Amino acid sequence: MIEPHLAPRRVALLGPQSVTRTVPDVVRAFGLDGCNVATITAGWEERERDDAELDRDLGGCSRNLALFPRAEKVFERDKELRRLMHQRYDRMNEQAAYYRAMLAPLLASLRQIELGLAAGTPHLRAERDNCVRLLQELDAHRLRVVDELDAEVFERLRPFERTEIARHREELRRILDGVGGVLIAGGHVGILVNRLRLFGVMELIRDLPVIAWSGGAMVMTERVVLFHDFPPESRGTHGGGGDPEVHVRGIGLARGVVALPHPKKRLDLADSARVGAFAARFSSAGAVCLGLDAGARLVGRSDQPVGEWEESTGVVQLTEAGAVPWRAN
Amino acid sequence: MSETLAAVREAVVEAARRGPRELDAALAARSWPLAREGRALFVYRGPADEVKLQHWIYALSAAQAFERIEGTDLWLLETQLQRRARVEYKLEIAHRGHRQLVSDPLNPNAARDPFGSNSVAVGPEYKKPEWAEPHAGVRTGSVIERQLKSDIFGDVRPIGIYLPPRYRETRRYPLLIAHDGFDYLRFSSLKHVLDNLIERLEVPQMIVALIQSPNRLAEYAANEQHARFVVDELLPLLEGEFPLLEGAENRCLMGASFGAVASLHTAWARPGRFGKLFLQSGSFAFADIGDHGRGPVFDPVVRWVQEFREDPRTPADRIQMTCGVYESLIAYNRAMLPVLQGTGADVRLSEDQDGHNWENWRDRLRTGLTWLFPGPYWMVYE
């Protein structure tokens with residue numbers, strides 16, 4: 001489902017908060033205090049309410065929207081909605097299996113071409129460009145299929161007209177009417193984006209500033225790209241790592257960026273060929289691939305692409321030449 | 001700095017010559033067999049005319065003689081032991097015309113398999129995986145029990161059901177069915193492994209059905225009754241009570257030894273029902289010429305494996321095999337690998353320095369489960 005127009009507002013994308021907590025500073029920099037922000041921690045799933053630490057950092061009076069338990073209650077009471085959401089999940093997985101099957105040989109080819117280029121065979125450049133183009137087309141197709149599926153399911157679902165969801169939306173509206181900003185934590189990005197859409201949270205947030213970190217930052221971009229170069233078991237074609245894949249369309253408050261939390265932990269930054277292939281594939285239409293480790297910070301307005309945002313600290317960019325420090329223009 | 005084997009040998013020989021009490025103290029001060037730098041020192045103490053080490057490494061000479069220390073009842077053997085190996089053995093004691101195989105009285109480590117146990121010698125770099133141990137702070141699942149009245153077998157069977165931490169009926173879960181499931185719990189720490197891998201997001205939350213046969217050598221031996229039991233009696237019970245993800249890709253059978261035969265046979269006999277298989281040390285014996293030499297319990301297995309090799313169909317889409325390189329079954333598992341790959345399935349065989357025992361099967365659980373069921377670490381960015 002394509003998000004409706006999202007009003008311009010200030011946005012911050014931050015790195016993971018478990019070690020270096022920058023959220024309180026950014027809240028203050030946005031002219032907010034902990035008592036007039038709402039938090040969204042649905043990506044933490046069943047641990048959603050384990051937010052005491054976050055709440056303490058915010059002064060002990062933040063308001064958690066509790067989207068995860070709300071959805072669980074809705075699924076318990078509205079069996080038809082649950083069935084349709086399960087159907088959507090099954091079809092997403094089915095499509096993902098085909099997408100991955102098509103990705104694997106293309107990525108294996110790209111890897112071979114990159115190695116050839118590194119070994120000094122420049123005439124492979126045209127092959128590389130063609131391979132990257134095919135990957136970009138495949139990624140775009142994946143996104144279109146998921147959009148169509150979401151549009152179809154949400155059309156049948158009409159979630160906001162359903163009694164249970166409408167009741168929760170009303171509660172959410174009352175909470176959000178009383179706050180000046182929204183904080184969105186990371187976690188399971190599929191669950192997070194789904195719960196935001198199920199309750200139409202972004203529409204309720206209106207033009208409030210948003211501070212999002214880790215998986216929350218991924219969800220605020222236009223494309224949620226899944227990645228992990230060091231999975232416990234080989235699941236991809238690139239040297240045993242996982243094959244990066246487009247999962248779903250993001251909310252779109254941060255444009256022209258692919259957000260990559262934990263780059264040191266999850267990406268093989270020393271493998272410049274791999275980094276370069278990643279950057280070439282996902283840097284279409286001027287987008288930048290930005291790694292957000294602990295302490296990283298990007299601040300700007302949602303009506304400008306991230307490349308024009310006002311502040312960037314501790315951010316690393318994936319380029320075709322490898323990983324380099326990044327500064328907004 | 002740890003003692004060298006030569007220094008240890010000298011110390012125990014010296015202690016033995018000083019007297020029984022001194023020798024007791026020297027032996028009690030160390031664990032046996034003592035492994036260092038790719039070698040190990042085995043010790044036996046007691047009356048004997050001859051002592052031999054009988055190890056269970058297939059295709060290698062099994063018997064190695066101990067040396068008696070003159071004037072004492074101390075017997076020593078220094079031999080090669082690979083750094084990460086786990087080798088099963090017993091001591092063969094000959095005394096006054098009698099010979100018997102005994103577990104090493106100085107070694108508390110045992111390797112268990114469905115037929116009994118042996119002493120086990122471990123190389124200096126082998127470590128029990130920490131993901132098989134309980135850890136504080138890790139959320140734990142629960143094992144509940146159901147009684148399944150089986151018309152097929154004419155009895156009532158306990159079925160263990162592992163429910164993952166934070167289990168919810170509004171969610172749906174993939175299903176793993178484990179043959180010898182209660183043995184996997186007891187001897188292979190399956191519950192701790194599941195709890196840890198789920199906590200680390202390396203596998204998804206899943207439901208695991210633990211089945212146990214009172215007559216596994218018959219029921220698991222490529223037995224059509226067992227396939228009917230799993231598909232026509234067990235699955236309906238599970239699907240009726242628990243929220244399971246649909247589709248063969250969310251159904252996995254696992255088992256070790258004859259349990260692996262039962263898993264592969266059931267998937268083969270009921271195509272399209274199980275998309276994943278985890279086959280550990282499968283007893284996939286066959287004999288292209290002559291007798292298979294493994295006794296009558298293997299007859300139905302051998303007959304079926306021959307048939308399977310002729311017509312493997314597509315038993316599942318993804319198959320993880322594991323086998324210890326010290327097992328005689330390694331040859332059969334290697335032979336089965338291209339047969340399974342030829343079906344178009346995605347198949348892996350992990351070969352490891354271990355034998356036919358529950359600890360080997362435990363140590364391979366992470367390899368198999370994370371590959372068959374990649375976890376949500378892919379989706380989680382905290």
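Values in this text are rule-based calculations from the coordinates and carry no lab data. Values in this document were obtained by computation on a predicted structure and should not be read as measured data. Neighbour counts run over all protein chains shown; Cβ positions are idealised from the backbone, glycine included.
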* What share of all Cα pairs of region A:55-208, in percent, falls into each consecutive 5 Å distance bin? -> 2, 7, 13, 15, 13, 11, 9, 9, 7, 6, 4, 2, 1
* Structure fact -> Taking Cα atoms, the helix A:79-118 axis meets the longest principal axis of chain A at an angle in degrees (rounded to 10) of 30
* For region B:130-378, what is the convex hull (Cα atoms) projected area averaged across all directions, in square nanometres? -> 12.8
* Asked: What FRET efficiency, computed as 1/(1 + (r/R0)^6) with R0 = 22 Å and r the Cβ-Cβ distance, is obtained for B:Arg84 and B:Arg200, rounded to the nearest 0.05?
  -> 0.45
* **Restricting region B:207-250 to GluC sites (Glu not before Pro) in coil, as DSSP defines it, with at most 12 other Cβ within 10 Å** => B:Glu246
* Asked: Where the Cα atoms of region A:121-234 are projected onto their three principal axes, how long is each span, largest first, in whole Å?
  -> 62, 32, 31
* Quick one: dipole size for region B:166-261, taken about the Cα centre, charges +1 on Lys/Arg Cβ and -1 on Asp/Glu Cβ, in debye to the nearest 20. => 300
* Return the percentage of antiparallel bridges among DSSP beta bridges fully within the protein assembly as shown, rounded to the nearest 5 %. => 60
* Asked: Which whole-angstrom value gives the distance between the alpha carbon centres of region B:323-379 and region A:151-167?
  -> 46
* Could you tell me whether region B:78-180 comes out rounded, prolate or oblate from its Cα gyration tensor? Rule is a ≥ b ≥ c as square roots of the eigenvalues, rounded for a/c under 1.5, then prolate if a/b exceeds b/c, otherwise oblate. => oblate
* region B:5-122: percent of C-alpha pairs farther apart than 22 Å? -> 31
* **Listed residues A:Ile211, A:Leu32, A:Leu65: farthest to the positive end of the dipole of chain A (Cβ charges)** => A:Leu65
* **Which of B:Ala335, B:Val102, B:Ala178, positive extreme of dipole for chain B (C-beta unit charges)** => B:Ala178
* Asked: Which of A:Leu81, A:Leu253, A:Leu176 moves the most in a Gaussian network model of chain A with Cα springs under 10 Å?
  -> A:Leu81
* Could you pull out the chymotrypsin sites (Phe, Trp or Tyr not before Pro) across region B:28-63 that fall in loop regions by DSSP (anything but H, G, I, E, B) with no more than 14 other Cβ atoms inside 10 Å? => none
* Point-to-point label distance, B:Glu133-A:Arg125, nm (Cα→Cβ direction, 7 Å offset) -> 5.6
* To do: Let me know the mean shielding of B:371-378 by other chains, meaning the per-residue number of their Cβ atoms within 10 Å of its Cβ.
  => 5
* Structure fact -> Computed on Cα atoms, the radius of gyration and Dmax of region A:269-329 in angstrom are 11.6, 34
* Structure fact -> Per its Cα gyration tensor (rounded if a/c is under 1.5, else prolate when a/b beats b/c, else oblate), chain A is best filed as oblate
* Asked: Could you state the number of Å between the C-alpha centres of region B:229-299 and region A:264-329?
  -> 48
* Structure fact -> Most exposed first, judged by fewest Cβ atoms within 10 angstrom, A:Cys131, B:Cys323, A:Cys61 run A:Cys61, A:Cys131, B:Cys323
* Angle between chain B longest axis and helix B:330-341 axis [Cα atoms, degrees, rounded to 10] -> 20
* To do: Please name whichever of A:Pro16, A:Pro244, A:Val201 sits farthest to the positive end of the charge dipole of the protein assembly as shown, dipole taken about the Cα centre and charges placed at Cβ: Lys and Arg +1, Asp and Glu -1.
  => A:Val201
* Asked: Any idea how far the Cα center of region B:67-91 sits from the one of region B:161-186, in Å?
  -> 42
* Taking Cα atoms, how many degrees apart are the long axis of helix A:272-282 and the longest axis of chain A, rounded to 10 and kept between 0 and 90? -> 60
* What share of all Cα pairs of the protein assembly as shown, in percent, falls into each consecutive 20 Å distance bin? -> 15, 40, 31, 12, 1
* Send over the Kirkwood Rh of region B:130-243, from the inverse of the averaged 1/r over different Cα pairs, rounded to one decimal Å. => 14.9
